[in-house]
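None of the figures in this text is laboratory data; all of them are computed from the coordinates on show. Note that the coordinates shown come from a computational prediction; the quantities given were computed from them, not determined experimentally. In this analysis, Cβ positions are derived from the backbone assuming ideal geometry, glycine residues included, and neighbour counts consider all displayed protein chains.
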Amino acid sequence: MIVAGVDIGSLSGETVLMRDGEILSYSIVRTGADSAKTAEKATDEALDNASISFGDIEYTVATGYGRVIVPFADKNITEISCHARGANYLFPTVRTILDMGGQDCKAIKCNDVGKVTNFAMNDKCAAGTGRFCDVMAEVLDEPLEDIGRISLEAERDAMVSSACAVFAKSEVVSLLRKGTPKSEILSGVHEAIATRVFALLQRVGIEADFVITGGIAKNIGVVRKVAEKVGMNPLISDEPQIVGAIGAALFAEELCKKAKHKDRSKSQ
Amino acid sequence: MIVNYGYTDGSGDYYIVIDTDKCDGCGKCVDACPQNVLELAEDDYGDIVVRVRDEVKSKVGYVCLGFNPGCSKNEVNCRSVCEHDVISHTW
């Protein structure tokens, strides 16, 4: 049985294909203005990687911000449940998940089977989001991929008091004018992000093991700052961006089995 | 599942906390709310439970009157009608 999990986020779209609980292939594409096309593009890429065709997919679950507009999805499930399920698949011991996506940030607690027990989300402001890092990288004229590494070179943190993207940007501009090194500014920016997401984590309570998912998990600077505050080293998968899509594929498998079971009992 | 609807801003914590495991989906709180904050809907695990309406989520602190400063003075409110202590507020 082959199933698909499609996670359409605000900045990127991911598809994971799964056969009998094993990941066959995955893809990550940037979200365009059209969520439906993004979903198709991501799925086509994943199908190419696995060398199978669209007709082989028996069930599809869509998740993420754009989940309601994935045309070929059989069902849509919130990204909160999918992230918990996906994190549980990758790390069965995980109980606390911090998902830092492109446009929002979530703190999730789950149980031993990956069911959500407590969650809080910040989707009101850009603090702790990929977009925030994007803006800062742009102001400092450094590639997004490098800002984590650069920040580690800092000997001290520059003071960035605001976690608001608009205000932090103007603070960063004035720090640049003063000649503060980029590494120290970035370290300060990461500190501001970590402070904000730590407050969110405290709302749900932190329990071992702890995992960070979403694109920001690739930013070693933020990860270190969050680890310092939590007092625990986070687990991070090889590809933290696809955790939600993995969860969606797992839901798809479960729902597909249920649907088949129903069909069978009907025909008897 | 405990769901925290709301946010922290410069003036404080504004969260409506809903424990969906305790909720039986009776809907009395939906009717009791003077601000039309709540609704019943199916969650990801197939249970009908109460939740904060999407339109209200990012302005909870403005739409909901809050329990201590607001609705606790009303004879009927979302917390008084609930037999299972599903809903709580942080302000």
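Choose one of B:Tyr62, B:Val37, B:Val52: the residue whose Cα lies farthest towards the positive end of the charge dipole of the range B:2-89 (beta-carbon charges +1 Lys, Arg; -1 Asp, Glu; about the Cα centre).
Value: B:Tyr62.
Using the Cα centre of chain B as origin and beta-carbon charges of +1 (Lys, Arg) and -1 (Asp, Glu), tell me which of B:Cys23, B:Thr8, B:Val86 is placed farthest towards the positive end of the dipole.
The Cα lying farthest towards the positive end belongs to B:Thr8.
Compute the relative contact order of chain B as a whole-number percentage, counting only Cα pairs closer than 8 Å that sit 6 or more residues apart in sequence.
Computed over chain B, the figure is 35 percent.
Could you run the Karplus curve 6.51 cos²θ - 1.76 cosθ + 1.60 with θ = phi - 60° over the range A:171-178 and give me ³J(HN,Hα) per residue in whole Hz, x for Gly and Pro?
Here the 3J(HN,Hα) series is 5, 5, 4, 6, 5, 4, 4, 6 Hz.
Let me confirm one metric for peptide A:112-118, namely the mean number of other chain beta-carbon atoms within 10 Å of its residues' beta-carbons.
Partner Cβ neighbours, averaged per residue: 3.
What trypsin sites (Lys or Arg not before Pro) in the range A:171-266 are in a loop by DSSP, with at most 11 other Cβ atoms within 10 Å of the Cβ?
A:Lys178
So if I place +1 on the C-beta of Lys and Arg and -1 on the C-beta of Asp and Glu, and nothing else carries charge, what would the dipole magnitude of chain A be about its Cα centre? I want it in debye, nearest 20.
About 920 debye.
Please sort by residue number the chymotrypsin sites (Phe, Trp or Tyr not before Pro) in the range A:1-96 whose DSSP state is loop and whose Cβ has at most 16 other Cβ atoms within 10 Å.
Qualifying residues, ordered by number: A:Phe72.
Along each of its three principal axes, how wide is the spread of alpha-carbon positions in chain A, in whole angstrom units, largest first?
Rounded to whole Å, the extents work out to 76, 36, 28 Å.
Given the convex hull over the Cα atoms of the range B:2-89, what projected area results after averaging over all orientations, in nm²?
5.4 nm²
State the answer as a single residue: which of A:Met159, A:Val197, A:Asn233 lies farthest towards the positive end of the charge dipole of the range A:136-268, with beta carbon charges of +1 for Lys and Arg and -1 for Asp and Glu, about the Cα centre.
Checked the options; the winner is A:Val197.
Describe numerically, in nm with one decimal, the distance between label points set 7 Å from Cα along Cα→Cβ at A:Phe167 and at A:Lys75.
Going from the A:Phe167 label point to the A:Lys75 one covers 4.3 nm.
Considering the range A:93-236, what Rg and Dmax in Å follow from its alpha-carbon atoms?
14.8, 52
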